[in-house]
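To keep things clear, I will list the structure first and then write my remarks on it.
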Amino acid sequence: MEISPTLPTKAAPRMKTFNYAIGMFGTSLPVNLLKTYAAFFYVTNMGLTTVQWATVMGVYSIIDAIDNPLWGFLSDSTRTRFGRRKPWLVLVTPILIACLILFFSPPSMPNRSLFIYAMVFFFLTGTLDAMINSNYGALFPELFKEDASRAKANAMRQAFQLVAMIIAIALTPMITDKLGYSTTAMLYGGVGGVVILYMALTSRESPPGPTEAKPNFFKSLRDLAKNPHFWLAGFTNAFYAAAMSSVLAALNFFAKYALNLSSAQTSMLFGIVLLVAIASVAVWASFVAKHPLMRVWRFALLSLAVAFIPLFFAPNLIIALACAALVGFGFAGCITTMDLVGARVMDEDARLHKVRREGIIAQFTGFLTNLFGSLSGAVGFFLMNRLFGFVNGENPGPNPGLASRFMLCGIPFIMMVFALVLSNFLHFDQDKRVEKVDSSDLKFEA
């Protein structure tokens with residue numbers, strides 16, 4: 001069923017890893033601009049209320065629940081001489097970039113029309129990003145078959161993701177001060193789109209076997225519904241995604257209202273999280289090499305959960321930077337291990353059912369993470385309004401600092417506790433033995 005061609009030289013597999021991994025830079029640049037600055041842009045700059053934005057995210061989560069499963073099924077069912085994933089990546093990328101630019105370039109209009117405009121383009125950008133990421137994620141277990149090659153490729157792509165996050169999250173306050181949000185979206189979208197297309201055109205998919213049938217949509221739904229490993233991994237990932245979605249949405253509010261930081265200081269706060277995460281990816285990869293994956297995964301979830309406690313009480317920039325470093329360490333552990341756990345779910349499904357449907361699994365996993373991320377954001381902004389009286393940038397309420405701390409640390413801590421509890425119920429056959437991976441295979445070159 002699976003075809004894994006032997007590559008004759010060391011240079012070829014090295015380029016294969018690089019060509020795939022750099023795609024994470026391209027996919028991360030636009031989506032992190034959207035996730036981190038969408039709410040801040042429309043609530044503080046454009047005048048939407050927190051309740052309106054909560055409605056945008058709530059409606060998006062419902063529509064996303066309907067269309068996401070179809071994207072994965074269409075990807076798995078595609079049969080072209082270019083592969084299953086590549087046509088979707090090439091066709092959808094330009095549309096995604098256009099929607100991102102339009103989202104951050106709203107024309108002058110009344111508040112109600114602006115609310116509808118924001119909802120439409122937030123949905124379009126979000127769902128197209130989900131389609132891109134499901135196809136990109138589905139390529140991972142297809143291109144890399146062994147734990148060693150997966151650990152190496154995942155470490156490299158997470159490093160690229162973190163570099164993209166430094167640009168899209170940490171540097172954006174200073175860039176938007178100079179260029180504005182519309183031009184910044186054009187810049188990030190253009191660079192990200194070119195990188196995604198490079199990845200798609202240079203990565204070679206494993207073709208379906210001659211007797212491999214296309215997946216049946218409803219049978220796939222039934223199989224996944226009966227698969228406890230999928231649900232445990234999916235919901236654990238979803239709670240983690242909800243935590244990080246809340247963090248990204250709240251960072252700017254925290255910097256502005258809790259610490260009163262300048263644009264440069266805000267970039268410094270964001271940057272320390274991501275720089276520590278970059279430095280820590282190799283550390284977590286070495287943990288995976290020496291210890292069972294699931295044990296390392298749970299420790300990473302615990303590390304991130306605990307890191308939110310001191311950050312909540314940080315009174316100034318210096319202490320906040322130290323606390324942010326702890327968040328960066330835990331974040332690196334989660335991104336290093338999460339995709340490896342997901343790949344095991346895909347492998348197990350392929351062995352049991354004799355059909356490859358990485359796209360459907362990736363899309364359902366993406367649906368859960370998007371759903372929980374959107375709902376946590378919607379609930380968070382609704383509670384900021386109801387509990388703390390935060391309406392918008394013109395009327396932030398009596399205690400906007402506490403409101404932003406609640407959004408940045410309180411909600412993520414609760415989400416991570418749920419993730420940690422669920423992770424302790426997930427066990428694969430591989431957990432019965434300690435897997436050894438040559439740590440030399442984990443060295444990567446960016």
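The values are calculated or read from the model by the stated rules, or taken from the named source; none is laboratory data. Since the model is a prediction, treat every value here as computed from it, not as a measurement. Heads up, the Cβs are rebuilt from the backbone with ideal geometry, glycines too, and the neighbour counts pull from every protein chain shown.
State whether the residues of segment 360-383 include one that is modelled with pLDDT of 80 or more and over 22 Å from the mean Cα position of the chain (by Cα). Checked against the condition, which is being modelled with pLDDT of 80 or more and over 22 Å from the mean Cα position of the chain (by Cα), segment 360-383 yields at least one hit.
Here Ile95 does not qualify as under 28 Å from Leu274 (Cα atoms) and β-branched (Val, Ile, Thr).
The helices (runs of 4 or more DSSP H) found entirely in segment 130-242 that carry 1 or more residues being crowded, with 21+ Cβ neighbours inside 10 Å and of a type in the set (Ser, Thr, Tyr) are 172-179, 181-202, 217-225.
Restricting the search to segment 59-105, which residues are surrounded by 18 or more Cβ atoms within 10 Å (Cβ to Cβ) and more than 27 Å from Leu197 (Cβ to Cβ)? Answer for segment 59-105, where residues must be surrounded by 18 or more Cβ atoms within 10 Å (Cβ to Cβ) and more than 27 Å from Leu197 (Cβ to Cβ): just Ser61.
State all residues of segment 41-58 that are part of a helix (DSSP H, G or I) and buried (at least 21 other Cβ atoms within 10 Å of the Cβ); if no residue qualifies, say none.
Correct list: Phe41, Tyr42, Val43, Thr50, Gln52, Trp53, Ala54, Val56, Met57.
Name the single residue, out of those in segment 97-117 being touching a residue at least 40 places away in the same chain (Cβ under 8 Å) and in a loop (DSSP other than H, G, I, E, B), that is farthest from the chain's Cα centre (by Cα). Checked segment 97-117; the qualifying residue farthest from the chain's Cα centre (by Cα) is Pro106.
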